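To keep things clear, I will list the structure first and then write my remarks on it.
The values are calculated or read from the model by the stated rules, or taken from the named source; none is laboratory data. Bear in mind the structure is a predicted one, so any value in this text is a computation, not a measurement. Every residue, glycine among them, receives a Cβ derived from its backbone with ideal geometry; neighbour counts consider all protein chains shown.
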Amino acid sequence: MSLGTQRSYRDTLALLIPFVARQTRKRIDDLNVVHVSADSVRRFLVYLENGRKCAISTRNQRLAAIHSLAHFVALHSPEHLAWCGEICAIPFKKCTQTPVTYLEKAEIEVLLAAPNLRSAQGQRDHLLLLFLYNTGARADEAAQVLVRDLNLAHVPSRDLSWVRIRGKGNKLRNCPLWSQTVYELRLTTEGREPAEHVFLNRYGRSLTRFGVYHLVKRHIARVRGEMPSLAKKNVSPHTVRHSSATHLLRSGLDINTIRDWLGHVSVNTTNIYAAVDLETKAKAIAHCEPGVTTPARRWSRDKGLMTFLRSL
């Protein structure tokens, strides 16, 4: 499992086990598997929603971790198969699916123009924003890129430049790079060791995904006054990723290529971009728009017809 999944499971157990201990009035060290009953799990889920004010999506994420725990126990302890069945029978709660937020091309251009290119930090910020938009990488994926992951062509106009990105589950994918991205990457990585991270903070240490997140937030806050439409959007590094996918779809790229570009396992995940892109929808519906029709004349107002009928 990825590090993020491991931490999610850890946090779930750190909440669940003390909750069950309080409910059963037992010490944590005295708990048995059967103490984590289906009823106690249901009460735990209610506690998450009402006591901790968690969103339904968070509740479902915690339940997924508990389901995984039940499968693990059943695999190593067959006598608890019935218990596993009861736990796994607890359903996920339906929640409203909010549309994916993405930036229009003009909004992306305003964001890319936000960093101050006269400073070293501004140049680093511009490169990172450009890299996120170019590759559609997640924040953690961009933070983990090493100098040796870059394959920068000596003649960009003739040869292809690309970067190897480590996705979820350590799955690797290669993404082509624009000539502007290559130019800035070459300036940043020139003379550096292959094992170094490409994106460093002001102290020379590798950026974290939290650092990438705050970098995007900082520059979005700076340009909200220039682009009022940004005030209505909650922009994060993942929003830039959504923007890359949406703009690729608009350019005519097929959905399977976009799936591979983003590192999705299933094309169903990538299909959300086909659902949210209003411009593509508008172009599609325009092909079905009927022509302008003029209302037919009512026969009772046709003087020629009425004269003919009266003459019979």
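Please list, ordered by first then second residue, the pairs with beta carbon atoms under 7 Å, 6 or more apart or interchain, first in segment 160-171 and more than 16 Å from L130 (Cα to Cα) and small (G, A, S), second part of a strand (DSSP E or B) and modelled with pLDDT of 85 or more.
Partner pairs satisfying both residue conditions: G167/R173.
Which ones in segment 1-37 are aliphatic (A, V, I, L, M) and within 32 Å of the chain's Cα centre (by Cα)?
M1, L3, L13, A14, L15, L16, I17
Would you mind stating whether A106 is out of contact with any Leu (no Cβ under 8 Å at 6 or more places or on another chain) and loosely packed, with under 13 Cβ neighbours inside 10 Å?
Judged against the criteria, A106 is a match.
So if I check each of V145, V182, which one is among the β-branched types (V, I, T), assigned by TED's automatic domain parsing to the domain that holds R241 and more than 22 Å from the chain's Cα centre (by Cα)?
Of the residues listed, the single one that is among the β-branched types (V, I, T), assigned by TED's automatic domain parsing to the domain that holds R241 and more than 22 Å from the chain's Cα centre (by Cα) is V182.
Going residue by residue through segment 107-125, is there one that turns out to be at pLDDT below 95 and farther than 26 Å from V235 by Cα?
Looking for residues that are at pLDDT below 95 and farther than 26 Å from V235 by Cα, one finds none in segment 107-125, hence no.
Looking only at segment 74-97, how many residues end up being within 24 Å of the chain's Cα centre (by Cα) and among the aromatic types (F, W, Y)?
1
Can you give me the number of residues within segment 48-71 that are surrounded by fewer than 17 Cβ atoms within 10 Å (Cβ to Cβ) and either over 17 Å from R7 (Cα atoms) or not assigned by TED's automatic domain parsing to the domain that holds F19 (or both)?
Count: 8.
If a residue must be buried (at least 18 other Cβ atoms within 10 Å of the Cβ) and not in a helix (DSSP H, G or I), how many such residues does segment 198-219 contain?
3
So, in segment 287-312, exactly how many residues are assigned to a helix (DSSP H, G or I), at pLDDT 60 or above and not hydroxyl-bearing (S, T, Y)?
8
Which of the residues spanning segment 23-46 are in a helix (DSSP H, G or I), touching a residue at least 12 places away in the same chain (Cβ under 8 Å) and under 21 Å from L81 (Cα atoms)? Step through it out loud before you land on a result.
Keep residues of segment 23-46 that are in a helix (DSSP H, G or I), which gives 23-24, 28-30, 33-35, 38-46.
Next cut, touching a residue at least 12 places away in the same chain (Cβ under 8 Å) only: 23-24, 33-35, 38, 40-45.
Answer for segment 23-46, where residues must be in a helix (DSSP H, G or I), touching a residue at least 12 places away in the same chain (Cβ under 8 Å) and under 21 Å from L81 (Cα atoms): V33, V34, H35, A38, S40, V41, R42.
Using beta carbons and a limit of 6 Å, which pairs, at least six apart or on different chains, have the first residue in segment 1-22 and part of a loop (DSSP other than H, G, I, E, B) and the second one surrounded by 12 or more Cβ atoms within 10 Å (Cβ to Cβ)?
So the pair list comes out as S2/K168.
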